[in-house]
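What follows is a short report on a single structure.
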2 protein chains.
Amino acid sequence: MILLGQPGRDWNNSGVTGHGLRYFEDYLPGASYDCGSFSISEAQIISFATQFDPQPFHVDPEAAARGPFGGLIASGWHTAALVMRRLVDHYLSAEASLGSPGLDEMRWPNPVRPGDTLRVRATSVEARRSLSKPDRGILKTMIEAVNQDGRTVMRATATNFLRVRPDSDS
Amino acid sequence: MILLGQPGRDWNNSGVTGHGLRYFEDYLPGASYDCGSFSISEAQIISFATQFDPQPFHVDPEAAARGPFGGLIASGWHTAALVMRRLVDHYLSAEASLGSPGLDEMRWPNPVRPGDTLRVRATSVEARRSLSKPDRGILKTMIEAVNQDGRTVMRATATNFLRVRPDSDS
């Protein structure tokens, strides 16, 4: 069987993640995956927040310096979106991903500031076959982003639907 | 006392929301607020997802048509960011907002498709003074976004810190 990649995933033509995750069955509870790191600039923080979350401590460095965080911080939604990109590139199989019904216990325990570098880790915590839809499994993943000082800046438990391995591939 | 608005809130110089919400004490449990509506285009969906969530069903209309949703859908993070903008503009007091430690039970029960118009509603569900930080209260808010057909496309319970009314203003 020849595996064809999905469009829109320019990092990898095979549809398989760098961790070798292809179908639901490959996500083993307890396994933890490094999804790489990224840095965030003041310009990026202001640009995102101007569009989506224009509170003073996200968009105005002078007001932010006098505000509750003593300086500009990223919108939590910006952090979440950047973390999602790392999960798409390094954890969610392009071939198997069937979307997400939601997530739980999303937390931003420490602020993200300009120049921070965040590392993303995904840990599969629960995996079960769907009872109603036999083509898929339901995966729960603990997502964490940690800054260059080792402080957690975001965590959440995500739920994802993933295709099970086709019979022809077993 | 003269109330000065915070920078970065061009819709309202007073810092008071259109609903008259200014300080923590103004958010009464049970009160529900219409935060307005917005539409989302295919170009916006693809632009956001190309940057943050480049799964085929968010970025490639042809692949999406053959995919699990039968067409292109918005990234849930895009919906969340657009909903946040409505909350900043219509619900969170620019004067009192001290950020958010997180949110719970975030759900995307139905997909958001190109051309959809979403209405946002915020309902204060719990409000209590902080025991450790007397300058603030802790507000829990049920957030809902509903499409033009009355289907809920996002809901979540957000936690926000808000300044209490200063003594000089009582």
Exercise for review: Give, ordered by residue number, each residue of the stretch B:42-69 whose 1.4 Å probe accessible area is reduced by a minimum of 40 Å² on adding the remaining protein chains to the chain alone.
Suggested key: B:52, B:54, B:55, B:56, B:68
Exercise for review: Go through the stretch A:60-72 residue by residue and turn each phi into a ³J(HN,Hα) via Karplus (6.51, -1.76, 1.60, θ = phi - 60°); whole Hz please, and just put x for glycine and proline.
Suggested key: 10, x, 6, 4, 4, 4, 8, x, x, 10, x, x, 5
Exercise for review: For chain A, report the translational diffusion coefficient in µm²/s to the nearest whole number, using Stokes-Einstein at 10 °C, 1.306 mPa s, and a Kirkwood Rh over Cα pairs.
Suggested key: 92 µm²/s
Check your understanding: Between residue B:42 and residue B:130, what length in nm is gained on full extension when 0.36 nm per residue of separation is reduced by their alpha carbon distance?
Key -> 27.4 nm
**Study point:** Cut-off of 10 Å, at most 15 other beta carbons, DSSP loop: longest stretch of chain B lacking such chymotrypsin sites (Phe, Trp or Tyr not before Pro)
**Key:** B:70-170
Study note, to complete from the structure: Computed about the Cα centre, the charge dipole of the protein assembly as shown from +1 Lys/Arg and -1 Asp/Glu charges at the Cβ has a magnitude in debye, to the nearest 20, of 560 debye
Check your understanding: Taking amide H positions as placed 1.01 Å from N in the peptide plane, with prolines and chain starts having none, which residues 5 or more places from residue A:165, or on another chain, fall under 5 Å of its amide H?
Key -> A:24, A:25
Point to revise | Per-residue mean of C-beta atoms belonging to partner chains within 10 Å, peptide B:153-166 | key: 1
Exercise for review: For residue B:150, place a label point 7 Å out from Cα along the Cα→Cβ vector, do the same in each other copy, and report the separations in nm, one decimal, smallest first.
Suggested key: 5.6
Exercise for review: Assign one of three labels to the protein assembly as shown, namely rounded, prolate or oblate, based on the Cα gyration tensor with a ≥ b ≥ c the square roots of its eigenvalues; rounded applies when a/c is under 1.5, prolate when it is not and a/b is larger than b/c, and oblate otherwise.
Suggested key: prolate
Exercise for review: Shielding by partners for B:108-115, please: the mean number of other protein chain Cβ atoms within 10 Å of each residue's Cβ.
Suggested key: 1
Review point. Total accessible area buried between chains A and B, 1.4 Å probe, in Å² to the nearest 100?
Key: 3400 Å²
Exercise for review: Using a 1.4 angstrom probe, figure out how much accessible area chain A has per residue, in square angstrom, rounded to the nearest whole.
Suggested key: 44 Å²
Study note, to complete from the structure: Note, the stretch A:137-146: 3J(HN,Hα) by Karplus (6.51, -1.76, 1.60, θ = phi - 60°), whole Hz, Gly/Pro = x, goes x, 10, 10, 10, 10, 7, 9, 9, 10, 10
Review point. Across peptide A:96-103, how many C-beta atoms of other chains are within 10 Å of each residue C-beta, on average?
Key: 6
Practice item. List the residues whose amide H sits under 5 Å from the amide H of residue A:129, counting only those 5 or more places along or on another chain, with H placed 1.01 Å from N in the peptide plane. Key: A:138
Check your understanding: Once phi is turned into ³J(HN,Hα) by the Karplus curve 6.51 cos²θ - 1.76 cosθ + 1.60 with θ = phi - 60°, what whole-Hz value does each residue of the stretch B:153-159 show in order, with x for glycine and proline?
Key -> 10, 7, 8, 6, 10, 9, 10
Review point. For chain A, what is the charge dipole size about the Cα centre, in debye to the nearest 20, if Lys and Arg each add +1 at the Cβ and Asp and Glu each add -1 at the Cβ?
Key: 300 debye
**Study point:** Solvent-accessible area, 1.4 Å probe, carbon plus sulfur percent, for the protein assembly as shown
**Key:** 49 percent
Practice item. State, to one decimal in nm and shortest first, how far the label point of residue A:44 sits from each corresponding label point in the other identical copies (label point: 7 angstrom along Cα-to-Cβ). Key: 2.3
Check your understanding: Counting alpha carbon pairs within less than 8 Å and at least 6 residues apart, what relative contact order, in whole percent, applies to chain A?
Key -> 27 percent
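The values are calculated or read from the model by the stated rules, or taken from the named source; none is laboratory data. All of these numbers come straight from a predicted model, not from anything done at the bench. Glycine gets a Cβ as well: all are built from the backbone with ideal geometry, and neighbour counts include every protein chain shown. What goes into the accessible areas is simple: the full protein's heavy atoms, side chains included, and nothing from ligands, DNA or RNA. Shrake-Rupley method; radii C 1.70, N 1.55, O 1.52, S 1.80 Å.
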